[in-house]
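Visitor: The structure's right below; bear with me while I get my questions together.
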Amino acid sequence: LAKTTQPISMDSYEGQEVNITCSHNNIATNDYITWYQQFPSQGPRFIIQGYKTKVTNEVASLFIPADRKSSTLSLPRVSLSDTAVYYCLVGDGGTGGFKTIFGAGTRLFVKA
Amino acid sequence: EAGVAQSPRYKIIEKRQSVAFWCNPISGHATLYWYQQILGQGPKLLIQFQNNGVVDDSQLPKDRFSAERLKGVDSTLKIQPAKLEDSAVYLCASSLRDIRGEQFFGPGTRLTVL
C-alpha cells in the first residue's frame, strides 16, 4: 500500500478556498485516491475519490496531476463547520475489499 | 438508509479485564473493518472482513484481541485482557465490495482502561 504524506495542520479564514496537498510517490496503477473528513467524536466521512485529472462534487474538488504522485483537495469558501481532520488515502478495491491506511491527517482550523 | 451501528458508545474498565464491542454494518455491505483510533492519531486498521472471512488482520494483537463476523453480518471485537494502552476509540466501518470502496463509519466506542 502506498504511503501518503500531508501537512500536519493548516489554518484558514471563513470564506477562503483551502487546498490540502497529499504526496503519494509510490502510488500503484490500480490505486484510487480518497479523502475523508473527521469531526471530533465522530467516525471519518467520505468526501471525494478520484483516479486522475479532476473530480468535483457538491463538497469539494480533487485535482490529480498526470503522474498521480500527488493530489490536492480543494474546499471552496470554507466555513467554521469545516474545521476537522482531513485524511488522504490511496488504495484499490481488489478482491478482498478496499484496503486503506489512514495517516495522521491534516488538521484544518477555520477561523472567523 | 440506516448507518453503521455500534455499541456500547462508552466503556470504562480496569486493566486485565475483558471487553467486547459490537458492530452492525449497513445492510448488503460485504466488507467490514475494525479500526483503533488513539487520541491525536489517524485510525489504525485492526482487521478487515470480506463477508465472514478475514482479509487482513496483520495489525491485530492476536494475543489479546479477537474478532469474528458470524454469518457475514454483525461483528464483535473482544479484548482480553485489556491493557492501559488499549484506551482508544474503536471504529467499525463497512463498504460495498466494489472498486469505489467508500467506507461508512459508525460512531465508535470510546474505551478507557484504568
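Visitor: Please go through the range B:63-114 and give me each residue that is among the basic types (Lys, Arg), farther than 22 Å from B:Leu39 by Cα and open to solvent by 80 Å² or more (accessible area, probe 1.4 Å), ordered by number. Working first, answer last.
Guide: Residues of the range B:63-114 that are among the basic types (Lys, Arg), as a first pass: B:64, B:69, B:71, B:78, B:83, B:97, B:100, B:110.
If we keep only those that are farther than 22 Å from B:Leu39 by Cα as well, we get B:69, B:71, B:97, B:100.
Of everything in the range B:63-114, those that are among the basic types (Lys, Arg), farther than 22 Å from B:Leu39 by Cα and open to solvent by 80 Å² or more (accessible area, probe 1.4 Å) turn out to be B:Lys71, B:Arg97, B:Arg100.
Rundown of residues vs (1) within 27 Å of B:Ala88 (Cβ to Cβ); (2) within 11 Å of the chain's Cα centre (by Cα); (3) facing chain B (nearest Cβ under 9 Å), yes/no style:
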residue	(1), (2), (3)
A:Ile47	yes, yes, no
A:Thr56	no, no, no
A:Val59	no, no, no
A:Pro65	no, no, no
A:Ser71	no, yes, no
A:Ser74	no, yes, no
A:Thr83	yes, no, no
A:Tyr87	yes, yes, yes
A:Val90	yes, yes, no
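Visitor: Go through the range B:1-35 and give me each residue that's in contact with a helix residue (DSSP H, G or I) (Cβ under 8 Å, 6 or more places away or on another chain) and either at pLDDT 95 or above or open to solvent by 70 Å² or more (accessible area, probe 1.4 Å) (or both).
Guide: B:Lys15
Visitor: Right, another one. Just checking: which of the strands (runs of 3 or more DSSP E) contained wholly in chain A hold 1 or more residues that are farther than 29 Å from B:Asp56 by Cα and touching a strand residue (DSSP E or B) at 6+ places or on another chain (Cβ under 8 Å)? Outline the logic, then answer.
Guide: On the way: elements: A:9-13, A:18-23, A:32-38, A:45-50, A:53-56, A:61-64, A:70-75, A:84-91, A:106-111.
Passing ranges, in order: A:9-13, A:18-23, A:53-56, A:61-64, A:70-75, A:106-111.
Visitor: Which one is modelled with the lowest pLDDT among residues in the range A:26-43 that are open to solvent by less than 30 Å² (accessible area, probe 1.4 Å) and of a type in the set (Ser, Thr, Tyr)?
Guide: A:Thr34
Visitor: Here's a follow-up. Out of all the residues in the range A:44-52, is one or more open to solvent by 90 Å² or more (accessible area, probe 1.4 Å) and of a type in the set (Lys, Arg)? Give the steps one after another, and end with the answer.
Guide: So in the range A:44-52, the residues open to solvent by 90 Å² or more (accessible area, probe 1.4 Å) come out as A:45, A:52.
Next, from what is left, pick out any that are of a type in the set (Lys, Arg): A:45, A:52.
Yes, there is a match, as at least one residue in the range A:44-52 is open to solvent by 90 Å² or more (accessible area, probe 1.4 Å) and of a type in the set (Lys, Arg).
The values are calculated or read from the model by the stated rules, or taken from the named source; none is laboratory data. Everything numeric in this text was worked out from a predicted model, so none of it was measured. Note: ideal-geometry Cβ built from the backbone for every residue, glycine included; neighbour counts use all protein chains shown. Quick note on the areas: whole protein, heavy atoms, side chains included, nothing else; ligands and nucleic acids left out. Shrake-Rupley method; radii C 1.70, N 1.55, O 1.52, S 1.80 Å.
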